[in-house]
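The values are calculated or read from the model by the stated rules, or taken from the named source; none is laboratory data. Computed from a predicted model, the values in this text were never measured in an experiment. Don't worry about glycine lacking a Cβ; one is built from the backbone with ideal geometry, like all the others, and counts go over all protein chains shown.
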Amino acid sequence: MISIFKFYNNEGWKKKNKTYKDAELFEDLRSCAKKYVSKCRNRIFNFIPKNGNHLLDFASGPIQYDEYLKYSKNFKTRHCVDFSKDAIREAKKKIKNKGVYYCNDFFKIKFKKNFFDCSISLHTIYHIKKNKQKNSVLKLLNITKKKSPVIILYSNPDSLVSKFSRKFNLKKKNKSSLYFYCHPIKWWYQFKNIAQIEMQPWRSFSSSHQKIIFPNNIIGKIMFDIIFILENFFKKFFINNFQYYIIILKKD
């Protein structure tokens, strides 16, 4: 198991042929998937306020995709938090003077209570130690204004693919993998007494599974178009049975 800190401070945010190592390992960069993954990233816009002063991007990375960059287009300031110097350096190139940058452990940074108009955390919480994930969510709620969204991308440990892998013992231990722990969907309902909870589908499969299931040709493109439509029509089914979903928390 590779340390998250070590990976992203050494190779994760290094570029090769204009592509970050992180994307090379964890994203589906094939032409057949380009439109689909972009539309999935754009789903976040459905929950970000139309405008505001301060947007928090927890574990911003280098803001590596165009869609990510646009999340803060209607905000005066984007606050980028990341423990990687490479990530913060790259983020500064893109946000410039519209950003405030924190190269530090999120738990060590002192933010004002009820300060942010929106907070986002993409593919981050499940890389935090499982017994600290609750505290990270509570801190996000504490520093975000009441009725303002805390938007989190998370992974479902009980997806159909995961259940199939466990049943047939197909999941191999990989010493080179990053720390990753996902609580079940019901875990999120512990916050129901302090926040409104909404869930939405994001993407149905991990990138590695997409590359197996969807061919890199016109048939694959059509399959991606179909599954995007199905995700929108059968939201609850896809949240409960597929890979990635969005949690939107609004503090009461």
Just one listed residue, out of Lys112, Lys98, is touching a strand residue (DSSP E or B) at 6+ places or on another chain (Cβ under 9 Å) and in contact (Cβ under 8 Å) with a residue 24 or more places away in the chain, and it is Lys98
What is the residue count in the range 142-168 for residues that are over 27 Å from Phe237 (Cα atoms) and not in a loop (DSSP other than H, G, I, E, B)? 3
Which condition does Ser60 not pass, out of (1) touching a residue at least 40 places away in the same chain (Cβ under 8 Å); (2) of a type in the set (Gly, Ala, Ser); (3) closer than 19 Å to Leu141 by Cα, if it passes all the others? (1)
Pairing a residue in the range 118-129 that is closer than 13 Å to His183 by Cβ with any residue that is outside any strand (DSSP E or B) and of a type in the set (S, T, N, Q), where Cβ atoms lie under 7 Å and the two sit 6 or more apart in sequence or on different chains, gives Ile125/Gln133; Ile125/Ser136; Ile128/Ser136
Hey, among the residues in the range 1-30 that are β-branched (Val, Ile, Thr) and surrounded by 15 or more Cβ atoms within 10 Å (Cβ to Cβ), which one's farthest from Ala87 (Cα to Cα)? Ile2
What number goes with the only condition from (1) over 30 Å from Ile143 (Cβ atoms); (2) out of contact with any Phe, Trp or Tyr (no Cβ under 7 Å at 6 or more places or on another chain); (3) of a type outside the set (Ser, Thr, Tyr); (4) touching a residue at least 24 places away in the same chain (Cβ under 8 Å) that Phe228 does not pass? (2)
Restricting attention to the range 25-82, which residues are modelled with pLDDT of 95 or more and aliphatic (A, V, I, L, M)? Leu29, Ala33, Val37, Ile44, Ile48, Leu55, Leu56, Ala59, Ile63, Leu69, Val81
